[in-house]
Structure formats: C-alpha cells, structure tokens
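Participant: Below is a structure I'd like to ask you about.
None of the figures in this text is laboratory data; all of them are computed from the coordinates on show. Since this is a predicted model, take the numbers as computed values, not measurements. Backbone-built Cβ (ideal geometry, glycine too); neighbour counts: all protein chains shown.
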Amino acid sequence: MHALNKNRPLRRIVLASAATVSGMVLLLALKPHTAPTLATASTKSPAASSSSAPGSASGTRTATGDTVQTRWGPVQVRVTVADGRLTDVTAVSYPQDNPRDQEINSYALPQLRREALAAQSAQIDTVSGATYTSDGYRQSLQSALDSAGL
C-alpha cells in the first residue's frame, strides 16, 4: 500500500508536515561560508619594492585613483604598473565601519583585484552582493590606470 494513499488524509498531512519541518531544520543548519581575511598591504618581494622608485629603468609606476564616494563609504584604489602591465592593485580605502561591510569586502575586494589583474583594465564584473563597492572600485581603478598611463 502506498504511503500517501488518498483514503488516509491524516497520514498525508503528517508526512507533509514532517517533510516541511525536516527541510526547515536542514536549511537553518546551513552555515555561511567563512570569508578569507583581507590583506590591505600589497605582497611584493623586496626586489620588486626597490625597483618601484620613480624614474627607475624597469618602468615601474604606482598611481592612486580618485576617492569615489559610494552609498556605504569611500572606495580608493592604488595600482602598480611595470613595463606597461598592471602588476598590483591594492584597495587603499573601502567601507569597513560595521561587521557587515567587513564581511562583504573581505570576499569582494580579492575577487575585484583578481579580475583587474586578469583583465589588465577596469573592465571587470560586479561582485554579487557588493554592487556599490564594485562600482566605486571600478571608477577608482580607471582613474588610477589613467594616472599611471595605462
């Protein structure tokens, strides 16, 4: 005999309720992903940082973009360009006034950095859940790239 027999509506109600409760328990038991910590300092080797002096033979330049005011706070980006290639992007300022800002930017900024380095331009995708930060990052990045001559 089938468990959801139409002759026994009470059994169907009990099974549907049990399935709903089980689904809700499983849904509420999910833990959000732990976001990686955000390193704001760039990771350069000592040799690379010594070659970043202005007018050096390697052609390494550093430029800081405009500060872009977003709904949640200012966003500013610094870029390093070596031999006509974007080699580093660092978020100088970004919203971090509350735990939610910190959580959002801890996963958004590394993604934006990776995309900028891969694209070698400010033509990067918006990070879902960090639209305002992504827009400000993109604008400041374009300003910095313009200043660096890239």
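Participant: With respect to residue 102, determine if the residue is under 17 Å from residue 129 (Cα atoms) and assigned to a loop (DSSP other than H, G, I, E, B).
Facilitator: Values: under 17 Å from residue 129 (Cα atoms): yes; assigned to a loop (DSSP other than H, G, I, E, B): no.
So residue 102 fails the test.
Participant: For residue 119, state whether it is without any contact (Cβ under 8 Å) to a residue 60 or more places away in the chain, exposed (fewer than 14 other Cβ atoms within 10 Å of the Cβ) and within 17 Å of residue 90 (Cβ to Cβ).
Facilitator: Working: without any contact (Cβ under 8 Å) to a residue 60 or more places away in the chain: yes; exposed (fewer than 14 other Cβ atoms within 10 Å of the Cβ): yes; within 17 Å of residue 90 (Cβ to Cβ): yes.
So residue 119 fits the description; yes.
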